[in-house]
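Input: a single structure, listed below in structure tokens.
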Amino acid sequence: MDRRQFLKSSSALLTLGAMPNILLATPSEGFDYELIVAPADVRIAPDGNTPAWCFNGHFPAPVIRAKQHQPVRIRVVNKLAEPTTIHWHGLRIPIAMDGVPFLSQAPIMPGESFDYEFTPPDAGTFWYHPHMNSVEQLGKGLVGAFIVDEAEDPGFDADVVMGLKNWHIRDDGSFTALTTPRNAFRMGTPGRLMTVNGKVAPTYYIPTGGAIRARLVNIDNTQTYNIRGDGGDLTIITVDGNPIATPRPLQQHLMGPGMRLDLGFIAPDEADQIVTLYHKHEVLVRFKTVGESKQRQAMPRLPLNPIPTPDLDNAETIQFAFEWDASINPVKKDGKVNYRFWTINRKAWHGMSAKHIPEPLARLERGKTYIFELANLTQYHHPIHLHGHTFTVLDSNKQRIEPFHTDTVLLGQNETARIAFVADNPGRWMYHCHVIEHLKTGLMGYIEVS
Ligand code: C2O
Ligand code: CU
Ligand code: CU
């Protein structure tokens, strides 16, 4: 039985990537995918439907599968009553396809569509989401996984894609507040229902003795997951989409909003065995072995992504401080939220409009290496994300770091980290915290590469 047959033969098995036809509308001719953005009632809570906003009427959203170095074409049709754009988080693609309103494209107005076409240079686990009215659009369900398959199949026996989202819903399915002022100025407003692919603690079936790739995507607005596991030799093979040079055993791993983690393991060599992943002590997902043993001995190796090597000797260093404006009262006298609370280098950017584009936080010369010194001057953590580039995390004042590639780095309380990258992608690139309420209340800006 090859992998496809195996997946088909096990009806309980629900690796999303394996059954795209159920989730996808038939795309228009010339397109690989068509994403219809629209309200849809979905069943996530125990006692009732949730009035979510979805891609193609379902949650989880279709898992987009592209191939490294090959173009992918995606038509996005906006059937919301408000404008949107779709951003492909972590992909190093041209600015015109980055999906940020005003910086890279005009908003897709209700009833309109936009055609995205690009060629992913890197293989790995990425994701997609709107970049407008993000608290609501992401919070209500417009979040999906984007997988770029390696140019050559690395040869896993199963590949499980898991979107982690802590839904802001009650047992009857109705939404609780996606944001409250009090939480926006702290760690963000947590959801109430911890889910994996829209299910509470699902079980996925995996081939006994097989080589398994388990991809976790933090598609939540707020939640930082602390991933732990037991029952198997869980190994971290990629961080935020990028294979790491030396895979290492999973002890625990923090994933802020927007971040990803691929775990590799050889499934237990006996049927009906369980491997469990947790957030702290809460079960996220279980894997259960089925079928005859694949008797795999070794895990496939992943090739490294072609990220340009920073020229550290000739790099220019730029400092960025993430903090809040102590002179600002987070809630105004009338009870409204003050949207200029969080700052980058003392500047807050709230809201985007054609006429409201501030100066870039930095102007970078194309082709040059930059070191960003990122200082979190607050007691809250911030997953800091840069569009259009993959950077190398060099070091931190709080933890020992084996340099690795990412697009989002989680800064803990009062942590300062240094990152480096070659500014090789021209454009105006968003640079923001991925706690969506922090972004919404000031913690965003952009850099300009030209
Ligand atoms: Cu997930 Cu501005 O990005
Ligand atoms: Cu992004
Ligand atoms: Cu933040």
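Quick notes
- The strands (runs of 3 or more DSSP E) found wholly in segment 351-400 include none carrying at least 2 residues that are surrounded by fewer than 21 Cβ atoms within 10 Å (Cβ to Cβ), within 21 Å of the chain's Cα centre (by Cα) and modelled with pLDDT under 95.
- Considering residues of segment 393-450 that are acidic (Asp, Glu) and more than 18 Å from Trp324 (Cα to Cα) only, the residue nearest to ligand 3 (Cβ to nearest atom): Asp407
- Test for Asp334: is it part of a loop (DSSP other than H, G, I, E, B), more than 19 Å from Thr222 (Cα to Cα) and away from ligand 3 (no atom under 12 Å from the Cβ): yes
- Scanning segment 437-450 for residues that are in contact with a helix residue (DSSP H, G or I) (Cβ under 6 Å, 6 or more places away or on another chain) and either assigned to a loop (DSSP other than H, G, I, E, B) or within 12 Å of ligand 2 (Cβ to nearest atom) (or both) yields one hit, Thr441.
- Listed by first and then second residue, the pairs with beta-carbon distance under 9 Å, at least 6 apart or on different chains, first residue in segment 438-450 and within 19 Å of Tyr370 (Cα to Cα) and of a type in the set (S, T, N, Q), second open to solvent by less than 10 Å² (accessible area, probe 1.4 Å) and more than 13 Å from ligand 2 (Cβ to nearest atom), are Ser450/Leu364.
- Qualifying positions in segment 244-255 - of a type outside the set (Val, Ile, Thr), surrounded by fewer than 23 Cβ atoms within 10 Å (Cβ to Cβ) and outside any loop (DSSP other than H, G, I, E, B): Ala245, Pro247, Arg248, Pro249, His253, Leu254
- Verdict on Thr238 being over 21 Å from the mean Cα position of the chain (by Cα) and of a type outside the set (D, E, K, R): no
- Looking only at segment 401-427, and only at residues there that are assigned to a strand (DSSP E or B) and of a type in the set (S, T, N, Q), the one that is farthest from ligand 1 (Cβ to nearest atom): Thr416
- Unique residue being out of contact with any Cys (no Cβ under 6 Å at 6 or more places or on another chain), away from ligand 3 (no atom under 16 Å from the Cβ) and open to solvent by 10 Å² or more (accessible area, probe 1.4 Å) when the list is Ala61, Ala106, Ala123, Ala52: Ala106
- Meets criteria (in contact with a Gly (Cβ under 6 Å, 6 or more places away or on another chain) and surrounded by 12 or more Cβ atoms within 10 Å (Cβ to Cβ)) for Thr289: no
- Flag for Thr195 being among the β-branched types (Val, Ile, Thr), touching a residue at least 12 places away in the same chain (Cβ under 8 Å) and over 22 Å from Asp122 (Cβ atoms): yes
- Checked against the criterion of being open to solvent by less than 10 Å² (accessible area, probe 1.4 Å) and in contact with a Cys (Cβ under 9 Å, 6 or more places away or on another chain), the candidates Leu138, Leu164, Leu142 yield just one match: Leu142.
- Within the set Thr238, Thr195, Thr179, Thr222, the sole residue that is surrounded by fewer than 23 Cβ atoms within 10 Å (Cβ to Cβ) and either β-branched (Val, Ile, Thr) or on the phi > 0 side of the Ramachandran plot (or both) turns out to be Thr179.
- The lone exception for Asp98 - which of (1) crowded, with 23+ Cβ neighbours inside 10 Å; (2) without any contact (Cβ under 8 Å) to a residue 60 or more places away in the chain; (3) among the acidic types (Asp, Glu) it fails: (2)
- Number of the condition not met by Thr343 [criteria: (1) away from ligand 1 (no atom under 16 Å from the Cβ); (2) over 21 Å from the mean Cα position of the chain (by Cα); (3) at pLDDT 95 or above; (4) not in a loop (DSSP other than H, G, I, E, B)]: (3)
- Identification of strands (runs of 3 or more DSSP E) wholly contained in segment 137-219 with 3 or more residues that are of a type in the set (A, V, I, L, M, F, W, C) yields 144-149, 158-167, 193-196, 211-218.
- Residue list for segment 118-162, filter: of a type in the set (Phe, Trp, Tyr) and closer than 18 Å to Arg260 by Cα: Phe126, Trp127, Tyr128, Phe146
The values are calculated or read from the model by the stated rules, or taken from the named source; none is laboratory data. Everything numeric here is computed off the predicted structure, so don't read it as measured data. Quick reminder, even Gly has a Cβ in these numbers, built from the backbone with ideal geometry, and neighbours come from all protein chains shown. Note: areas computed on protein heavy atoms with side chains; ligands, DNA, RNA excluded. Shrake-Rupley method; radii C 1.70, N 1.55, O 1.52, S 1.80 Å.
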